[in-house]
Amino acid sequence: MVSFPTISIHQQFAQLGIDADPATLEQKQPKATYEMKRVQPRLQMESPRGDMQIDQSRAWDALCRGGHLGTMNKIYSEARNIALQGIAKIVERGNSLGNIAAGGNPIVENAKQLFTERTEYNIAGLATSDNVDIHYTAQRPQIEVIGGSIEVNARVNKPELNVIRGKLDIYMLQYPKVEITPPQLDLRL
């Protein structure tokens with residue numbers, strides 16, 4: 001039997017080495033910043049004084065202590081009445097002197113009356129319990145309300161991201177190759 005020479009072919013495949021570390025992601029989310037400020041409401045109140053007017057001129061008039069001009073006006077207006085009373089007394093005295101039939105001594109009586117009579121001016125005003133006038137005007141209070149408020153300041157903080165790269169190393173563990181071995185020929189024939 002004759003043997004045929006055979007070619008021997010050996011193949012070696014390539015082998016890759018992969019060294020991979022995964023990437024990591026660190027994430028932090030800070031809380032939102034929240035500030036609140038409260039402005040208090042205010043109340044402003046002002047109460048002006050009331051106005052009081054007291055008129056006691058009639059009371060002073062009743063005490064004969066009124067003003068100079070008012071007293072002189074009263075004396076002037078009372079003078080006519082006193083003059084008329086004086087005329088009436090003169091007429092009365094004249095009538096008593098003329099009445100001789102009445103008897104007595106009319107001259108002596110008239111002389112006595114002249115020394116004892118006094119004429120008085122009535123310049124005092126009317127005295128009553130209501131001589132002082134009081135008038136009070138109240139003032140309204142001024143009230144102003146200034147409303148308060150709440151100021152809110154909210155701020156979202158951005159997330160903090162930190163990425164740590166992973167590594168990827170690819171390398172050849174074994175290179176590919178093909179080995180072809182020829183048959184051994186016996187050249188001796």
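The values are calculated or read from the model by the stated rules, or taken from the named source; none is laboratory data. Quantities reported herein were computed from a predicted structural model and do not represent experimental measurements. Don't worry about glycine lacking a Cβ; one is built from the backbone with ideal geometry, like all the others, and counts go over all protein chains shown. Accessible surface is based on the protein model in full, side chains and every heavy atom, while ligands, DNA and RNA are left aside. Shrake-Rupley method; radii C 1.70, N 1.55, O 1.52, S 1.80 Å.
The requirement of being under 30 Å from Asn122 (Cα atoms), touching a Lys or Arg at 6+ places or on another chain (Cβ under 9 Å) and either not in a helix (DSSP H, G or I) or not hydrophobic (A, V, I, L, M, F, W, C) (or both) is not satisfied by Gly70.
Of all residue pairs spaced 6 or more apart or on separate chains, those with beta-carbon atoms under 8 Å, a first member in segment 76-105 that is in contact (Cβ under 8 Å) with a residue 24 or more places away in the chain and part of a helix (DSSP H, G or I) and a second member that is exposed (fewer than 11 other Cβ atoms within 10 Å of the Cβ) and of a type in the set (Val, Ile, Thr) are Ile82/Thr119; Gln85/Thr119; Gly86/Thr119.
For Ala79, the conditions (1) more than 30 Å from Asn153 (Cα to Cα); (2) at pLDDT 85 or above; (3) of a type in the set (A, V, I, L, M, F, W, C); (4) surrounded by 10 or more Cβ atoms within 10 Å (Cβ to Cβ) all hold with the exception of (2).
Across segment 27-45, the number of residues qualifying as open to solvent by 100 Å² or more (accessible area, probe 1.4 Å) and either charged (D, E, K, R) or not in a strand (DSSP E or B) (or both) comes to 7. Being among the acidic types (Asp, Glu) and out of contact with any strand residue (DSSP E or B) (no Cβ under 6 Å at 6 or more places or on another chain) is the filter here, so list the residues in segment 40-87 that pass it. Asp61, Glu78, listed by residue number. Taking segment 4-25 as the range and being open to solvent by 100 Å² or more (accessible area, probe 1.4 Å) and either in a strand (DSSP E or B) or without any contact (Cβ under 8 Å) to a residue 60 or more places away in the chain (or both) as the test, the residues that pass are Phe4, Ile9, His10, Gln11, Leu16, Ile18, Leu25. Residues that are within 30 Å of Gln44 (Cβ to Cβ), open to solvent by less than 100 Å² (accessible area, probe 1.4 Å) and not acidic (Asp, Glu) within segment 144-189 comprise Ile146, Gly147, Gly148, Ser149, Val152, Asn153, listed in sequence order. Scanning segment 125-136 for residues that are surrounded by 10 or more Cβ atoms within 10 Å (Cβ to Cβ), of a type outside the set (Val, Ile, Thr) and in contact with a strand residue (DSSP E or B) (Cβ under 9 Å, 6 or more places away or on another chain) turns up just one, Asp133. Just to be sure, is Asp21 charged (D, E, K, R) and in contact with a helix residue (DSSP H, G or I) (Cβ under 8 Å, 6 or more places away or on another chain)? It is false that Asp21 is charged (D, E, K, R) and in contact with a helix residue (DSSP H, G or I) (Cβ under 8 Å, 6 or more places away or on another chain). Checked against (1) in a loop (DSSP other than H, G, I, E, B); (2) closer than 30 Å to Tyr136 by Cα; (3) open to solvent by less than 100 Å² (accessible area, probe 1.4 Å); (4) at pLDDT below 80, Pro48 passes all but a single condition, namely (4).
Just so you know, in segment 83-124 the residues that are among the β-branched types (Val, Ile, Thr) and at pLDDT below 80 include one that is surrounded by the most Cβ atoms within 10 Å (Cβ to Cβ), and it is Ile123.
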